[in-house]
Each structure stands twice: as structure tokens, then as C-alpha cells.
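Shown next, in C-alpha cells, is the structure this report addresses.
Read the figures in this text as sums done on the coordinates, not as results from a lab. All figures in this text were calculated on a predicted structure; none of them were measured in a lab. Positions of Cβ are generated from backbone atoms using ideal geometry, with glycine treated the same way; all protein chains shown enter the neighbour counts.
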Amino acid sequence: MIYNVTSKIMPNAKLPLEYVKNTFDKRNKIAKQKSIEFYKNITNECKDGVYSISRIRKCIDNLFAPNKINYTIKSEEREQFSGSIANILSVDKEKQILQYDGIALFLPLKKNKTEVENKYTLFHEVRHMIDYLYNPKVKMHRINNLINNEGYSNATDYINKFFMEEISSKTNMKKFRKEASDLIDILPRDIAIETLQKIRSHLITEINAYSDEIHFRFKGIKNIDDFIDALNLKLSYKLNFKFEDKLKFANKKLNALLKEERASLKKQFD
């Protein structure tokens, strides 16, 4: 089913234009600095090891001050120590407007629901939040286009999840490229381009979040168990996730499709 939905980012769900009008590289550099700033502030705030929601909110609010960002912190119920981030969305059906109202952080909370179980998951998800705020146009543009082509949502969701799955060997990476190409080639070219652009953004923010989490884990080592946890994550990231390799593939595939699209448009007007 094809819709004609437009999107709108509400004032408290974004940073002012002067914060996000730089080039991608400059925005990414600022996001990195903000992630380090949050790590330092929350670590100093929680010297007793208690990462309470009230302290987390204080540090997030200070991070984006004087701007006030609408966000919620909820318990991640899927599995222990996992976390995720989602959009807070609302729809004006009459005007067919999709409103981006803010960000929902899902964190592993203790039974009392007032403290985070794993601080490194917190660092990881806050980096995602920072990335989203410094790239709002990309986020909403992708959502808007994919909703307007809802008939392909199952296929595009499957492809996105396929790119996030673990891969355990070079042989499997070769297999991944073949299967990913086959899946993408099923889609109409315009949908395939939108899907790959969304995947590229997803991969970049995962690379950022995991890189920061690994760095903070090694920085916070206090005993042999901490070292083993940090090393295991670093090895798993390098050997199993292969986000950098997937990003190279996605960029190559996307560039090929864009070249085809430009050639097709040129042919129409010749």
C-alpha cells in the first residue's frame, strides 16, 4: 500500500539548526566529543557505582543544555544487559503527518526499576541518542520514505535485520554479500536505495556506539573480569559483527544503484 505521509520533527525532539548544519564529518566529531563528555560526567556523578535514572537524566539534560530534549527511559525487557533506542512517534491521520516527538531509551534496569544494571549499555545507547540528534534529517527522511512505501516494509525490515546479524568467518562474509545482493535486487531501485541509505546510517551509528563502549570498558578496567569482558566484546565486534565490512559493501552497492538511477534519469531526458 502506498501512502503520502509527510514527517515533522517537534521542537523538543531535535537540536536547533546551528547545532546540526555542519558537514557529516564535523557532526560526527562533535557527537564523539559529546559521548566522551557524557561518560566523564556520569562517571563522576556515580562514583558510588549507583547509576540511577535521576542521575542519568541529570547528565543527559546537562549534555544538551540549554536545549531541552524530550526523551523517556524505560526498562529493556528482551534480555539481560541489552538495550535499545526507539522513536517516540505520533500520527495526525487527518493531515497525514508523522510527528517525531522524542526518543525512548530502553535500558537494563534492576528490579527496583530506578537503577541501570549495566553502565556500559547506558554508554552505548546514549551514543545512539547523540548520533540521532545530530543527524535528524537522515532519521526522519528514512522513516518518511519507508512508511510511504509500506508494501515493502516486511522486506526492508528483514534486510535491515540481516545486515545486523553476526557473521563468524571470512567465508560467511562472502556468503553474506551474495545473499544481501540477492535480497536488495528484489526491491524496486528507489526502495533499494532508500533501504541501503537507512542501513548505512544504522551501521555507522552501531560502529560509533560499539567503538565508544569498547573504549570505555577498557578505560574502566578494575579487575581481571572487567578485562575479560572488554576483550570479549572487542573480539566479538571485530570477528563476528563485521560492521565495517558490511558498511563497505552497502556503500558499494548503493553507489552502483545511484549510478543506475542517474543513467536512467538521463536517458529519460535525452
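The packing ranking of peptides 57-70, 197-210, 102-115, 220-233, highest mean first, is 197-210, 102-115, 57-70, 220-233, where packing means the average number of other beta carbon atoms within 10 angstrom of each residue. Each residue of segment 96-107 is assigned a 3J(HN,Hα), and the resulting list reads 6, 10, 8, 9, 9, 8, x, 10, 10, 9, 9, 10 Hz, derived from the Karplus form 6.51 cos²θ - 1.76 cosθ + 1.60 (θ = phi - 60°), x at Gly and Pro.
Assuming a viscosity of 1.567 mPa s and a temperature of 4 °C, what translational diffusion coefficient in µm² per second does Stokes-Einstein assign to segment 149-270, Rh being the Kirkwood radius over Cα pairs? In µm²/s, the coefficient is 80. Taking only the alpha carbons of segment 1-89, we obtain Rg and Dmax values of 16.2, 53 Å in that order. Give the calculated FRET efficiency between residue 88 and residue 267 to the nearest 0.05, with a Förster radius of 51 Å applied to their Cβ-Cβ distance. Working from the Cβ atoms, E equals 0.75. Can you list residues from other chains, or at least 5 along the same chain, whose modelled amide H is less than 5 Å from the amide H of residue 109? Answer set, sorted by chain and number: 76, 117.
Dividing the convex hull volume of the alpha carbon atoms of the chain by its residue count gives 155 Å³ per residue. Remark: the residue 65-residue 215 segment gains 51.5 nm on full extension, using 0.36 nm per residue and subtracting the alpha carbon distance. Each DSSP beta bridge with both residues in the chain is either parallel or antiparallel, and the antiparallel ones are about 55%. A simple spin-label model places pseudo-atoms 7 Å from Cα toward Cβ; at residue 43 and residue 174 they are separated by 4.3 nm.
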